[in-house]
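Every number in this text was worked out from the coordinates using simple rules, so none of it is lab data. Given the structure is predicted, the values throughout are model-derived calculations rather than measurements.
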Amino acid sequence: MPPVTELITHLLNGLVLGLLYAVIALGFMLILGTMEVINFSHGALFALGGYLALALQPYVGWWAALALAPVGVGVVGLLMEFGVRRTYGRDPLFGLLFTFGAALALEELIRIVWGSRGYTISAPAFVAGPFQAGFFFYSKYRVLVAVLAVLLLGRDYLAVRKARADSGARASQAAE
């Protein structure tokens, strides 16, 4: 493989990984911005979603696992909310400690259920393997992941923009 091809591959891999980090960071910042809680368990919840998708995929398929895993994580997050809610209006350290403890508990639960080794979710047939552009090969699956990340980021951007516009409109109506 020519050195330029390797450089392009590494740059694309970095871009895809950066998009995944942006999705995770966006979720963290939305929680911080709306609820004013520093959620230390955010990464553990993200990992739990991956493991739930891994467990569900053989039974329901790739797309259904992609849809159901966030629902499962949402249920866990809702249960955590009942605990975090007790810290509202108090010292922010209480919420921080609660979510830190929840992260430790979730990480241990993941180790108990799935062990400590890494897993990969097999790509669906339509994105299995690489695509070729001349002498350049790149994973179809990573392209799909990048597209999904961009769609999520765009959806959330539009939702936040709409929420700001709606709150601005309500504020101007209240001032009249």
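Overall form of the range 1-89: oblate. Here a/c, set by the Cα gyration tensor axes a ≥ b ≥ c, is 1.5 or more, and a/b is not larger than b/c. Screening the chain for whole DSSP H helices of 27 Å or more along their axis (Cα) with average Kyte-Doolittle hydropathy at least -0.5 returns 3-35, 62-84, 92-114, 140-175. With contributions of -39500 (n - 2.57) from each DSSP H run of at least four residues, the per-residue ellipticity at 222 nm computed over the chain stands at -27000 deg cm²/dmol. In this structure the amide hydrogen of F40, modeled in the peptide plane, comes within under 5 Å of the amide hydrogens of T99, F100, none closer than 5 places in sequence on its chain. Answer rounded, prolate or oblate for the range 50-176, using the Cα gyration tensor with square roots of eigenvalues a ≥ b ≥ c: rounded when a/c is under 1.5, else prolate when a/b is larger than b/c, else oblate. Oblate shape, in that a/c is at least 1.5 and b/c is the bigger or equal ratio.
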